Amino acid sequence: MNIDQVNRGIVKHKARKRVGRGPSSGHGKTCGRGHKGARSRSGWRQKAGFEGGQMPLIRRVPKRGFNNARFAPRIAEVNVEVLEKLFADGSEVNPEVLKERGVIKGAFDEVKILGDGELTKKLVVAAHRFSRSAKEKIEKAGGQAVVLPGKTPVEEKKKQKKAATT
């Protein structure tokens, strides 16, 4: 093998196949589609995942079980160091303010304050959840950690409805 054989036959911009240009081109008359059958007709399309009659992979793979991930609450996480940077001493922090300032983006069900970083400012932080270290840091700085109520679970709503009717 010679070094020039490595790239032989590799073309950067390959010209498209020009079909229907006479018998001498090798792609005349039927234009490489053969005679009759669905593939020879215009508008022919093969079903995605079709494997020539063999059982398709998507049907061979077992599909079992159930995943609760879609029902899990989406939790937006905010570190204490972010609160230190963005908020002045004595200010109130809540999910609405965090969303306004662009700290939290997208849809979320609850906000959790995490304890990464240091906090020196006295803040009143309202969130649904706090890590132990975050709560300690907020209270150590002289601030206050207010726990907001989360979404009421369906089972609890059913119990409340039942209690109200009886």
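The values are calculated or read from the model by the stated rules, or taken from the named source; none is laboratory data. Being a predicted model, the structure only gives us computed values, none of them experimental. Cβ: placed from backbone, ideal geometry, glycine included. Neighbour counts: every protein chain shown. The area values use the complete protein model at the heavy-atom level, side chains included, leaving out ligands, DNA and RNA. Shrake-Rupley method; radii C 1.70, N 1.55, O 1.52, S 1.80 Å.
Search the stretch 147-166 for residues being open to solvent by 70 Å² or more (accessible area, probe 1.4 Å) and of a type in the set (S, T, N, Q), and hand back the single one that is nearest to Leu123 (Cα to Cα). The qualifying residue nearest to Leu123 (Cα to Cα) is Gln160. Which condition number in (1) surrounded by 10 or more Cβ atoms within 10 Å (Cβ to Cβ); (2) over 41 Å from the mean Cα position of the chain (by Cα); (3) in a helix (DSSP H, G or I) is the one that Ile58 fails? Of everything listed in (1) surrounded by 10 or more Cβ atoms within 10 Å (Cβ to Cβ); (2) over 41 Å from the mean Cα position of the chain (by Cα); (3) in a helix (DSSP H, G or I), Ile58 misses just condition (2). Scanning the stretch 105-129 for residues that are closer than 21 Å to Pro73 by Cα and touching an Asp or Glu at 6+ places or on another chain (Cβ under 9 Å) yields Val111, Lys112, Ile113, Leu114, Gly115, Val125, Ala126, Ala127, His128, Arg129.
No other residue among Ala163, Ala145, Ala134, Ala126 is aliphatic (A, V, I, L, M) and modelled with pLDDT under 95 apart from Ala163.
Is it true that some residue in the stretch 72-79 is more than 30 Å from Gly49 (Cα to Cα), touching a residue at least 24 places away in the same chain (Cβ under 8 Å), over 24 Å from the mean Cα position of the chain (by Cα) and open to solvent by less than 40 Å² (accessible area, probe 1.4 Å)? Scanning the stretch 72-79 turns up no residue that is more than 30 Å from Gly49 (Cα to Cα), touching a residue at least 24 places away in the same chain (Cβ under 8 Å), over 24 Å from the mean Cα position of the chain (by Cα) and open to solvent by less than 40 Å² (accessible area, probe 1.4 Å). Arg39 - would you say it is of a type in the set (Lys, Arg), under 42 Å from the mean Cα position of the chain (by Cα) and not in a loop (DSSP other than H, G, I, E, B)? Yes; evaluated as a whole, the condition is true for this residue. Pairs meeting the criteria (first residue in the stretch 129-146 and farther than 18 Å from Asp89 by Cβ and open to solvent by 30 Å² or more (accessible area, probe 1.4 Å), second residue among the acidic types (Asp, Glu) and part of a strand (DSSP E or B), beta carbons under 7 Å, at least 6 apart or on different chains) are Arg129/Glu110.
State which residue is modelled with the highest pLDDT when the search covers only the stretch 45-55 and only residues that are open to solvent by less than 100 Å² (accessible area, probe 1.4 Å) and assigned to a loop (DSSP other than H, G, I, E, B).
Going through the qualifying residues, I end up with Met55.
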